[in-house]
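Participant: Structure provided below as structure tokens; questions to follow.
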């Protein structure tokens, strides 16, 4: 990530790949790598929506339910389009 430490799109892409690998291989270290990719935005008061989605996914995947519930910015995401 040294090549683009402020590149949100790259960070989200790397985080997504790490989450997929963690799921595929059953290796939780990759969830930590995903979180590390998002560090510049992880604790900001108003993180971008893609970061919120990745945070929610990582917290769910690590069974960190209490922190997920305390992370109320994740509840701001609303799906406005219905499938179909």
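Participant: Which of the residues spanning the range 56-72 are assigned to a helix (DSSP H, G or I) and at pLDDT below 70?
Facilitator: Of all residues in the range 56-72, those assigned to a helix (DSSP H, G or I) come to 56-61, 65-70, 72.
Result: 68, 69, 70, 72.
Participant: Determine which member of the set 75, 80 is exposed (fewer than 13 other Cβ atoms within 10 Å of the Cβ), assigned to a loop (DSSP other than H, G, I, E, B), at pLDDT below 95 and at negative phi. Before you say what the answer is, go through the steps one by one.
Facilitator: Values: 75 fails: assigned to a loop (DSSP other than H, G, I, E, B).
From the options 75, 80, the qualifying one is 80.
Participant: Further, regarding this structure: Take the range 23-55 and flag every residue that is farther than 17 Å from residue 9 by Cα and either surrounded by 15 or more Cβ atoms within 10 Å (Cβ to Cβ) or modelled with pLDDT of 90 or more (or both).
Facilitator: Our first condition is that a residue be farther than 17 Å from residue 9 by Cα; within the range 23-55, this holds for 23-32, 43, 45.
Of everything in the range 23-55, those that are farther than 17 Å from residue 9 by Cα and either surrounded by 15 or more Cβ atoms within 10 Å (Cβ to Cβ) or modelled with pLDDT of 90 or more (or both) turn out to be 23, 24, 25, 26, 27, 28, 29, 30, 31, 32.
Participant: Is it true that residue 16 is in contact (Cβ under 8 Å) with a residue 24 or more places away in the chain, part of a helix (DSSP H, G or I) and exposed (fewer than 15 other Cβ atoms within 10 Å of the Cβ)? If you could, list the steps in order and put the result at the bottom.
Facilitator: Working: in contact (Cβ under 8 Å) with a residue 24 or more places away in the chain: yes; part of a helix (DSSP H, G or I): yes; exposed (fewer than 15 other Cβ atoms within 10 Å of the Cβ): no.
So residue 16 does not fit the description; no.
Participant: Kindly check whether there is at least one residue in the range 29-47 that is within 11 Å of the chain's Cα centre (by Cα) and not in a helix (DSSP H, G or I). Don't jump to the end; show me each part of the working.
Facilitator: To start, the set of residues in the range 29-47 that are within 11 Å of the chain's Cα centre (by Cα) comprises 31-39, 41-42, 47.
Retained after the next criterion (residues that are not in a helix (DSSP H, G or I)): 38, 47.
For the range 29-47, residues within 11 Å of the chain's Cα centre (by Cα) and not in a helix (DSSP H, G or I): present.
The values are calculated or read from the model by the stated rules, or taken from the named source; none is laboratory data. Predicted, not measured: the structure shown is a model, and the values here were computed from it. We place every Cβ from the backbone using ideal geometry, glycine too, and count neighbours over all the protein chains shown.
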